[in-house]
1. Find the residue count for the range 130-162, including only residues that are farther than 12 Å from Glu119 by Cα, assigned to a strand (DSSP E or B) and not small (Gly, Ala, Ser).
2. Is it fair to say Ala158 is of a type in the set (Gly, Ala, Ser), touching a Lys or Arg at 6+ places or on another chain (Cβ under 8 Å) and open to solvent by 40 Å² or more (accessible area, probe 1.4 Å)?
3. Since Ile61 meets every condition but one in (1) open to solvent by 80 Å² or more (accessible area, probe 1.4 Å); (2) modelled with pLDDT under 95; (3) closer than 17 Å to Ile88 by Cβ, which condition does it not meet?
4. Hey, Glu139 hits all of (1) closer than 14 Å to His38 by Cβ; (2) of a type outside the set (Ser, Thr, Tyr); (3) in contact with a Leu (Cβ under 6 Å, 6 or more places away or on another chain); (4) free of Cβ contacts under 8 Å to residues at least 60 places away in the same chain but one; which does it fall short on?
Amino acid sequence: MRQAVVISLVLAFAAIAVAQSKSPAEVKLDDLSFICGHNRGEFDGAIIDEHWSEVGGDTMIGMFREIKNGKTQMYEFLTIEQTATGPILRLRHFDPGLVGWEEKAQVNSYPLVSWKANEAVFERPDKTTRLIFRSTSKETLDVVLERTGKKAEVYQYAHTAE
């Protein structure tokens, strides 16, 4: 009897987990609203500052900056765009003075590959890089950058909705 109860509980939790996840094509930008707001933290001796807009039309926009020793080191401009196959995160990097890292027509694209409540995983088509956004509470957001052959970087932010 006890074993049947344990099996029933495991199956119930599995059903809840499946119900709280969606395929990328089913995910709408409103499902990513946990990212929206001001996110501020520290990483490797630098202040990291990221802002995400609310959903507007078929996009969310974001901006990121890294400040070390009182000087801006780099910026990113980001968008998450709704497409027929699901959301796609796109970003470009800039040095101070808005000097772009990427060539004029080049953009880094990360289609959404998995989603569950309070977590979104975006991955480049070549599978070399993925970004994981995870809300750990109403006041915190973690962003994990995973790159092939490198140690994962975890950006821990204090999060406030704007």
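1. Restricting attention to the range 130-162, the residues satisfying the condition of being farther than 12 Å from Glu119 by Cα are 130, 138-140, 145-162.
Among the residues that remain, those that are also assigned to a strand (DSSP E or B) are: 130, 140, 145-147, 153-160.
Subsequent filtering for residues that are not small (Gly, Ala, Ser) retains 130, 140, 145-147, 153-157, 159-160.
Total satisfying the criteria: 12.
2. Working: of a type in the set (Gly, Ala, Ser): yes; touching a Lys or Arg at 6+ places or on another chain (Cβ under 8 Å): yes; open to solvent by 40 Å² or more (accessible area, probe 1.4 Å): yes.
It is true that Ala158 is of a type in the set (Gly, Ala, Ser), touching a Lys or Arg at 6+ places or on another chain (Cβ under 8 Å) and open to solvent by 40 Å² or more (accessible area, probe 1.4 Å).
3. (2)
4. Status for Glu139: all satisfied but (3).
The values are calculated or read from the model by the stated rules, or taken from the named source; none is laboratory data. Worth saying up front: this structure is predicted, and the values here are computed from it rather than measured. Cβ atoms come from the backbone with ideal geometry, glycine included; neighbour counts cover every protein chain shown. For accessibility, only protein heavy atoms count, side chains too; no ligands or nucleic acids. Shrake-Rupley method; radii C 1.70, N 1.55, O 1.52, S 1.80 Å.
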